[in-house]
Structures are given as structure tokens and as C-alpha cells.
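Visitor: Before we start, here is the structure in question, set down as C-alpha cells.
The values are calculated or read from the model by the stated rules, or taken from the named source; none is laboratory data. Source: prediction; values computed, not measured. Every residue, glycine among them, receives a Cβ derived from its backbone with ideal geometry; neighbour counts consider all protein chains shown. The area values use the complete protein model at the heavy-atom level, side chains included, leaving out ligands, DNA and RNA. Shrake-Rupley method; radii C 1.70, N 1.55, O 1.52, S 1.80 Å.
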Amino acid sequence: MTTARATFDKLLAAAHEWYMALPAMQEFADWPDDLTWAGRPPVPQSVIAHLTKDPGTANDTSRSLRDALLATAPFAEWRLTYTEDEVGCDFLKRFGWFELAGPTGHFHSQQIRMTVGYWGPGLDYGRHQHEPEELYTIVSGAGEFRLDGAETLTLGPGGTRFHPSEQPHALSTSDKPLLVFVLWRGDGLAADPRMTA
Ligand code: ZN
């Protein structure tokens, strides 16, 4: 078994423990029963250094998931999705996400998409949207979550936020970084989010 595979197996186990600890996740979706190892190649980005240096404070429940994510970071297929015109150069240096499980994830699933995202302190992720419904869960650090038609929430470890289909939402960090574990369900799982026009 490769080191990458062993680290991802540990991460998947930590993610399942996280799922079992958060009722909001269990209500959002069943744990997938179609997971298979996809063996995707690593795509390093500068976000790895920022995440490693400043992963943000976890709580007792989220610490094992945060540490499993840190161990996996060098082997993950990091994505940036947006252009410098859309989000700016600093954002692209200190942001990144990867797909743990899903149609194009390290583990393949057609039932759900599980992604991990990181933002360094002082970043603003503007209004964006996507077809699948979404549940954010905060693993470490903190962020302010804005959703059209709903109250703005500042969330730390263990906090959750639901985003309906195609409902524009945004987030920002202030003095802390933000590490999140995100679930998608419904149609359009393989598409990327897009900035709201
Ligand atoms: Zn979203």
C-alpha cells in the first residue's frame, strides 16, 4: 500500500468519525456505500505551506480530522477553480480545495461529493453558487458565512451551514484561517461552483 493510499484511508476514517459526531451531517446525507479508491495524482499548490504553518484551532471532536487532513495535504489533488481576475492573486496563493470523495475525488462516488477547503486569514470569497445542495462543517479556525436571504453567521469548529441549490453565498476570514469539510448532494455533483453573475 502506498503512503498516499494509507494517508487517505486514515483521512476517510477520520471523516467518518466526524460524520458520526455531527447530526447535521447524518441528516444531510447517508454515508456513501459506493466508495472506491481512484488513485488520483497529487497536485501541489502554495496553499499546502499555509495550511501546514497555520491550520487553525480545532476542538476535541475535530482535532483528529484536522490532523488527518494535514497529513494528506502533500498527496492531495489541490484545485483553485477561479482565475486571478475573479478572486485576485493573494487569494489563489492562500486558498485551495480538494475532493476526498465524489465523481472526480480521490475516492470515487456517484452518491455524494466530499470536499475540503482552506482559506488563510483575511480572505474574501465572493458570492458564488452551484446546483447541488451543500453543508459546510468547520474543522478548524473560523469564518463569516453569508447567504442570500439568511442571517450572517460566524462559525468555528463544529459549526455547520446549509446552502440551498443555486442560492448565492459567500464567506470571509478575518484574523484566523478556516478549514472546512463540505458535503454536496443532488444533481450536478461533478460541476464546479461559479461566481454569481
Ligand atoms: Zn458553496
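Visitor: Out of the residues in segment 108-121 that are within 15 Å of the ligand (Cβ to nearest atom) and not hydroxyl-bearing (S, T, Y), state the one that is farthest from E27 (Cα to Cα).
Guide: W119
Visitor: On the basis of being more than 17 Å from the chain's Cα centre (by Cα), within 18 Å of D60 (Cβ to Cβ), surrounded by 12 or more Cβ atoms within 10 Å (Cβ to Cβ) and not β-branched (V, I, T), does A15 make the cut?
Guide: No: the conditions fail for A15.
Visitor: Being more than 11 Å from the ligand (Cβ to nearest atom) and not in a loop (DSSP other than H, G, I, E, B) is the filter here; which residues of segment 146-194 pass it?
Guide: Once the filter is applied, which keeps residues that are more than 11 Å from the ligand (Cβ to nearest atom) and not in a loop (DSSP other than H, G, I, E, B), segment 146-194 yields R146, L153, T154, L155, T160, S172, L178, L179, F181, R185.
Visitor: While we're on this one: Evaluate the following for D124: is it more than 14 Å from the chain's Cα centre (by Cα) and closer than 23 Å to A49 by Cα?
Guide: For D124, the condition - more than 14 Å from the chain's Cα centre (by Cα) and closer than 23 Å to A49 by Cα - is met.
Visitor: Right, here's the next one. Give the residue, chosen from P74, P41, that is part of a loop (DSSP other than H, G, I, E, B) and open to solvent by 60 Å² or more (accessible area, probe 1.4 Å).
Guide: After ruling out the rest, the residue left standing is P41.
Visitor: Restrict the check to segment 122-132 and report whether at least one residue is touching a residue at least 40 places away in the same chain (Cβ under 8 Å) and more than 16 Å from the ligand (Cβ to nearest atom).
Guide: yes
Visitor: Return yes or no: is L135 touching a residue at least 60 places away in the same chain (Cβ under 8 Å), among the hydrophobic types (A, V, I, L, M, F, W, C), open to solvent by less than 30 Å² (accessible area, probe 1.4 Å) and assigned to a strand (DSSP E or B)?
Guide: Yes, satisfied.
Visitor: Please specify each residue of segment 141-185 satisfying the condition of being open to solvent by 50 Å² or more (accessible area, probe 1.4 Å) and in contact (Cβ under 8 Å) with a residue 40 or more places away in the chain.
Guide: Residues satisfying the conditions are F162, S174, D175, K176, R185.
Visitor: Now for a separate question. Return yes when T52 is modelled with pLDDT under 95 and out of contact with any helix residue (DSSP H, G or I) (no Cβ under 6 Å at 6 or more places or on another chain) and no when it is not.
Guide: For T52, the condition - modelled with pLDDT under 95 and out of contact with any helix residue (DSSP H, G or I) (no Cβ under 6 Å at 6 or more places or on another chain) - is not met.
Visitor: Pick out the one residue from T81, T3, T36, T52 that is among the polar types (S, T, N, Q), within 25 Å of R161 (Cβ to Cβ) and open to solvent by 20 Å² or more (accessible area, probe 1.4 Å).
Guide: After ruling out the rest, the residue left standing is T81.
Visitor: Same structure again: Kindly provide the set of residues from segment 15-38 that are in contact with a helix residue (DSSP H, G or I) (Cβ under 7 Å, 6 or more places away or on another chain) and either assigned to a loop (DSSP other than H, G, I, E, B) or over 30 Å from D90 (Cβ atoms) (or both), ordered by number.
Guide: Answer for segment 15-38, where residues must be in contact with a helix residue (DSSP H, G or I) (Cβ under 7 Å, 6 or more places away or on another chain) and either assigned to a loop (DSSP other than H, G, I, E, B) or over 30 Å from D90 (Cβ atoms) (or both): E17, Y19, M25, Q26, W31, W37.
Visitor: State yes or no: is A101 among the aliphatic types (A, V, I, L, M), closer than 15 Å to V47 by Cα and crowded, with 21+ Cβ neighbours inside 10 Å?
Guide: no
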